[in-house]
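*Asks:* My structure is below; once you've seen it, I'll send some questions.
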Amino acid sequence: MPKTLFEKIWDKHVVDVLPDGTTLLYIDRHLVHEVTSPQAFEGLRLAGRSVRQPGRTLATMDHNVPTDDRHNINDPISKAQIEALEKNCNDFDVTLYGLDSNKQGIVHIIGPEQGATLPGMTIVCGDSHTSTHGAFGTLAFGIGTSEVEHVLATQTLRQKKPRSMKVDFRGALQKGVTSKDMILKLIRELGTAGCTGYVLEYAGDAIRALTMEERMTICNMSIEGGARAGMIAPDDTTFEYVASDDRPYAPRGEALERAIKEWRKLPTDPGARFDRELSINVSDLPPQVSWGTNPGMVADVTGCIPSPDAVTHCSQVDAERALEYMGLTPGTPVTDIAIDTVFLGSCTNARIEDLRRAAAILRDRKVAETVRMLVVPGSERVREQAEAEGLDRIFKNAGAEWRFAGCSMCLAMNPDQLKPGERCASTSNRNFEGRQGKGGRTHLVSPEMATAAAVAGHFVDVREWM
Amino acid sequence: MQSFEKHRGIIATLDRANVDTDQIIPKQFLKSIARTGFGEALFCDWKYAADGSLDASFELNADRFRGASILIARNNFGCGSSREHAVWAVAQAGFRAVIAPRIEHEDGSVKAFADIFQNNASKNGLVTVELSESEVNEIFNTVTTTPGLEATVDLVTQQVTLHTHEPVIYNFDFDPAIKENILLGRDDIGQTLEHESTITAYEDRIGETTD
């Protein structure tokens, strides 16, 4: 019986099927950060339990971390949360990449970087963007704090098998159009609940042509379409990534060769069935810009702000509310929208390739005087790499701020926040009301589009700059 | 967790779709390392005006919804981040159940609740009731025209009753495994650890740990 990539990984991780039909699924890797874990560790303490597999657990701090002076955390509550993670990792013998480590960074960036994310694994984290790791052909999804505690205590999760959906991306992207635009287009088509209950497999020649970092951007935003997880079958691009650089958690030598032999068996068999299939041609896809207050409210850069009655996947009233919050008028060309802030960062788009592509645009250009641009590398390793390549100097010479690694203005839990009414071109993943600061207005775009907007002071079709 | 068999209380409407977890509990409250104290922060950015007073234009601030313990909203409630703080906030603000509509399309149905939120709710005894779009429309209309309307959510019979002059009953589906846990107020971890020997056998079979 032919199987999908998802079914192969699922079946291999079934510990038991319980009498009520629930599957007990084994978890290969548990990533932990400071925000969603303290109550889980406290639960273990109260019940006198330990962490079952500390070696499968890996922690870092990212959400609260200041990106300028990281060792002086002024907010006492943030500080307490960071100290709680230090204590918990110490007490329960969990490896922590803390603020003094050059391996610290956004949890979804350091997993792959350290080789802790490998094909065929099940990976969970108390964070919805855990779907990122699916780019390696892993089953990876976000969980709440009760489930974090469950995994710490048992290394398993109680799960109902989700449905499966295949999304075939076809064609060749134009220059200046990215995997960020592909995933924004998909969410725009299906809506933010369109994939709820499904695990997605992204396939097709347009996916095969992407680098690992570009694939991670797509899988990262699967959750914005409601999906439980998003996956891409591993191939030579995947294996080359795992084999490259210093990845202490990844196998090496003969062990790697044996692993790759197994990983080659993971892709979906011909004839395997999905519960739903669809295909999107991306050859003519223009850069995408979100205009509203959820990641399904998206327009072509060549288009205009829609009329509320033309918005799909929400009521007219909800669309009107979104337009009011965003301070936008239907019919306005997207390229007429002026911005005052640019955020280049987040687990979606803060890897070295993202920074290189942005720097290539900024070389010999300046950030507009009306714009504040914040560049926040996704990890300390990305920061060091960028500095070794001189990218930091390009950003600073152009007038952008160059920071230390963290989640930063993606969710504004640290001091990097928008003020009410400020309008941001952001490479992050969510444009919810207040997400980047109360009253702030977020437009989701690719790194190329964000950088071009920083220079022009308003959105431009970055294809014209290529 | 708190068990739930049947609950009667005032039903309040929140006429919005895609209510995301950033709205349910804004990020500044996620810094707490406690499991309690989130109720006051529920819908904080909508609930309070800039000067800190209650914003009269936010429908849940209406007098007639004071003390409400059942919430009804539109589709895709709880989308966004995995923060369980969102469920804690809803429950600690006094709500025992949330009702939302699934939406039928030609390509299948769109679920009423976001996946992770619904999962988190099930671990905290917060009952998520999925009804059809027309049923939810009907309830919105009834609540609007009946100030102080009470409803009962009965998990045993899987029914929502609106206590209008002639009571109106709506049936709902509910996952049997989760139902049993919530009815008994049973936590997962203890149950899973009853299978510890099976987990150990699995670990022996896969052979290694990863470091």
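*Asks:* Residue by residue through region A:394-399, what is 3J(HN,Hα) from phi via Karplus (6.51 cos²θ - 1.76 cosθ + 1.60, θ = phi - 60°)? Round to whole Hz and write x for glycine and proline.
*Replies:* Taking θ as phi minus 60°, the curve returns 4, 5, 5, 5, 7, x Hz for region A:394-399.
*Asks:* So for region B:147-211, what are the equivalent ellipsoid semi-axes in whole Å, largest first, each being the square root of 5 times an eigenvalue of the Cα gyration tensor?
*Replies:* Details: eigenvalues 398, 21, 21 Å².
Equivalent-ellipsoid dimensions as semi-axes: 45, 10, 10 Å.
*Asks:* If you add up the charges near B:E180, with Lys and Arg at +1 and Asp and Glu at -1, over every other residue whose beta carbon is less than 11 angstrom from its beta carbon, what do you get?
*Replies:* Value of the local net charge: 0.
*Asks:* Which one of B:N61, B:N76, B:N120 has the biggest mean-square fluctuation once chain B is modelled by GNM with Cα springs under 10 Å?
*Replies:* B:N61
*Asks:* Can you send over the solvent-accessible area of A:L173, 1.4 Å probe, protein chains only, in Å² to the nearest 10?
*Replies:* Here the accessible area works out near 50 Å².
*Asks:* On to the next question. Out of the DSSP beta bridges found with both residues in region A:1-110, what percent are antiparallel (nearest 5)?
*Replies:* Of those bridges, close to 35 percent are antiparallel.
*Asks:* Would you grab the residues whose amide H sits under 5 Å from the one on A:T138? Only those 5+ places off in sequence or on another chain, please, with H modelled 1.01 Å from N.
*Replies:* Amide H to amide H, under 5 Å and 5 or more residues apart or across chains, A:T138 pairs with A:G120, A:I232.
*Asks:* Which FRET efficiency value, to the nearest 0.05, do you get for A:R393 and A:K87 by plugging their Cβ-Cβ distance into 1/(1 + (r/R0)^6) with R0 = 35 Å?
*Replies:* Details: r = 39 Å, r/R0 = 1.11.
FRET efficiency, A:R393 to A:K87: 0.35.
*Asks:* Whole-Hz Karplus ³J(HN,Hα) for region A:29-36, in order, using 6.51 cos²θ - 1.76 cosθ + 1.60 and θ = phi - 60°, x for Gly and Pro?
*Replies:* Ordered by residue, 3J(HN,Hα) equals 9, 10, 9, 10, 10, 6, 7, 9 Hz.
*Asks:* If you count only protein heavy atoms with a 1.4 Å probe, what accessible area per residue comes out for the protein assembly as shown, rounded to a whole Å²?
*Replies:* Computed with neighbouring chains in place, this is 36 Å² per residue.
*Asks:* Pull out a ≥ b ≥ c, the square roots of the eigenvalues of the alpha-carbon gyration tensor of region A:191-250, then state rounded if a/c is under 1.5, prolate if not and a/b is larger than b/c, and oblate in the remaining case.
*Replies:* Here region A:191-250 falls in the prolate category.
*Asks:* Quick one: if you take sqrt(5λ) for each eigenvalue of the C-alpha gyration tensor of region B:83-211, what semi-axes come out, biggest first, whole angstrom?
*Replies:* The answer is 37, 17, 14 Å, longest axis first.
*Asks:* Next question, about the same structure. Under a straight-distance cross-link criterion of Cα-Cα below 14 Å, which aspartates and glutamates are reachable from A:K261, leaving out those fewer than 8 residues away in the same chain?
*Replies:* Result set, ordered by chain and number: A:D235, A:D236, A:E240.
*Asks:* Right, another one. Just reorder A:F92, A:F136 by solvent-accessible area, largest first, 1.4 Å probe, all chains present.
*Replies:* From most accessible down to least: A:F92, A:F136.
*Asks:* Mind ranking B:E166, A:E83, A:E448 by accessible surface for me, highest first, 1.4 Å probe?
*Replies:* Ranked list, largest accessible area first: B:E166, A:E83, A:E448.
*Asks:* For A:E189 and A:D168, compute 0.36 nm times the residue count separating them, minus their Cα-Cα distance, and round to one decimal in nm.
*Replies:* Working: separation 21, 0.36 × 21 = 7.56 nm, distance 1.36 nm.
Answer, rounded to one decimal: 6.2 nm.
*Asks:* Next question, about the same structure. Helix-only estimate, please: 222 nm mean residue ellipticity of chain A, summing -39500 (n - 2.57) across DSSP H runs of length 4 or more and dividing by its residues, to the nearest 500.
*Replies:* Calculated at 222 nm, the ellipticity per residue is -9000 deg cm²/dmol.
*Asks:* Run through the DSSP bridge list for the protein assembly as shown and note the antiparallel percent, rounded to the nearest 5.
*Replies:* So the antiparallel bridges amount to about 35 percent of the total.
*Asks:* Please give every one of the lysines within straight-line cross-link reach of A:K396, meaning a C-alpha to C-alpha distance under 22 Å, and leave out same-chain neighbours fewer than 8 residues apart.
*Replies:* Those lysines meeting the cut-off are A:K366.
*Asks:* When all protein chains stay in place, what accessible area (Å², nearest 10, 1.4 Å probe) is found for B:K6?
*Replies:* 140 Å²
*Asks:* Hey, another quick one. In nm, to one decimal, how far is the A:D100 label point from the B:T164 one, both placed 7 Å along Cα→Cβ?
*Replies:* Calculated label separation equals 6.7 nm.
*Asks:* Got a sec? Which residues of region B:59-96 lose 30 Å² or more of accessible surface with every protein chain in place, vs. that chain alone, 1.4 Å probe?
*Replies:* At a threshold of 30 Å² (probe 1.4 Å), the residues of region B:59-96 that become less exposed are B:N76, B:G80, B:S82, B:E84, B:H85.
*Asks:* Cα centroid distance between region A:411-441 and region B:91-164, in Å?
*Replies:* 31 Å
*Asks:* Now, a different point. Considering only protein heavy atoms, with the full assembly of protein chains and a 1.4 angstrom probe, order B:V143, A:V14 by accessible area, largest first.
*Replies:* Putting B:V143, A:V14 in descending order of accessible area: A:V14, B:V143.
*Asks:* Something else about it: Okay, helix-only estimate at 222 nm for chain B: each DSSP H run of n ≥ 4 adds -39500 (n - 2.57), divide by all residues, round to 500 deg cm²/dmol; what do you get?
*Replies:* -8000 deg cm²/dmol
*Asks:* Exceeding 29 Å between C-alpha atoms, which entries from my cross-link table qualify? They are B:K27/B:K111; A:K160/A:K438; A:K438/B:K6.
*Replies:* In this structure, A:K160/A:K438; A:K438/B:K6 exceed 29 Å between Cα atoms.
*Asks:* Which trypsin sites (Lys or Arg not before Pro) does region A:167-217 hold that lie in a coil by DSSP with at most 13 other beta carbons within 10 Å?
*Replies:* The qualifying sites are A:K175.
*Asks:* Additional query: Starting from the coordinates of the alpha-carbon atoms of region B:1-104, obtain the Kirkwood hydrodynamic radius over all distinct pairs and give the value in Å to one decimal.
*Replies:* When all Cα pairs of region B:1-104 are included, the Kirkwood radius is 14.3 Å.
*Asks:* Moving on to the next point. How much solvent-accessible surface does A:C304 expose, in Å² to the nearest 10, with a 1.4 Å probe and all protein chains in place?
*Replies:* Per-residue accessible area (A:C304): approximately 70 Å².
*Asks:* Moving on to the next point. Counting only C-alpha contacts under 8 Å and six or more residues apart, can you give the relative contact order of chain B as a whole percent?
*Replies:* Relative contact order comes out at 25 percent.
*Asks:* How big is Rg to Rh over chain A, alpha-carbon atoms, Rh as the Kirkwood inverse-mean-distance radius?
*Replies:* Value, to two decimals: 0.95.
*Asks:* Let me ask something else about it. D for region B:6-186, whole µm²/s, Stokes-Einstein with Kirkwood Rh over alpha-carbon pairs at 20 °C and 1.002 mPa s: what number?
*Replies:* 129 µm²/s
*Asks:* A further question on this structure: With a point put 7 Å past each Cα toward its Cβ, work out how far A:N72 is from B:E138 in nm, to one decimal.
*Replies:* Rounded to a tenth, the inter-label distance reads 6.4 nm.
*Asks:* Taking H as built 1.01 Å from N, whose amide H comes closer than 5 Å to the amide H of A:C304, not counting residues under 5 places away?
*Replies:* A:V334
*Asks:* Report the GluC sites (Glu not before Pro) located in region A:314-377 that are in a DSSP loop and have at most 11 other Cβ atoms inside 10 Å of their Cβ, or state none.
*Replies:* Answer by residue number: A:E369.
*Asks:* Amide H neighbours of A:A193 under 5 Å, at least 5 residues apart or on other chains, H built in the peptide plane: list them.
*Replies:* When sequence neighbours closer than 5 places are left aside, there are no close amide H contacts.
*Asks:* Count the DSSP beta bridges whose two residues both fall in region B:6-186, then state the antiparallel fraction as a percent rounded to the nearest 5. Present the calculation step by step, with values, prior to reporting the outcome.
*Replies:* Details: 17 of 32 bridges.
DSSP beta bridges in region B:6-186 are roughly 55 percent antiparallel.
*Asks:* Now a separate question. Can you tell me which of B:T164, B:T198, B:T146 moves the most in a GNM of chain B? Springs connect C-alpha atoms under 10 Å apart.
*Replies:* B:T198
*Asks:* Please compute how much accessible surface disappears when A pairs with B, both sides summed, using a 1.4 Å probe, and round it to the nearest 100 Å².
*Replies:* Looking at A and B, the buried total is near 5300 Å².
*Asks:* Could you work out how far apart the two model spin labels at A:T302 and A:I280 are, taking each label as a point 7 Å from the Cα in the direction of the beta carbon, and quote it in nm?
*Replies:* So the label points at A:T302 and A:I280 sit 1.7 nm apart.
*Asks:* Okay, next question. Per residue of region A:181-187, what does 6.51 cos²θ - 1.76 cosθ + 1.60 with θ = phi - 60° give for ³J(HN,Hα)? Whole Hz please, x for Gly and Pro, Karplus curve as stated.
*Replies:* So the J values, rounded to whole Hz, are 5, 5, 6, 4, 5, 4, 5.
The values are calculated or read from the model by the stated rules, or taken from the named source; none is laboratory data. These numbers were taken from a predicted model, which means no experiment stands behind them. Counting neighbours? That spans all protein chains shown, and the Cβs are built from the backbone with ideal geometry, glycine included. These accessible areas exclude ligands, DNA and RNA; they are computed on the full protein's heavy atoms, side chains included. Shrake-Rupley method; radii C 1.70, N 1.55, O 1.52, S 1.80 Å.
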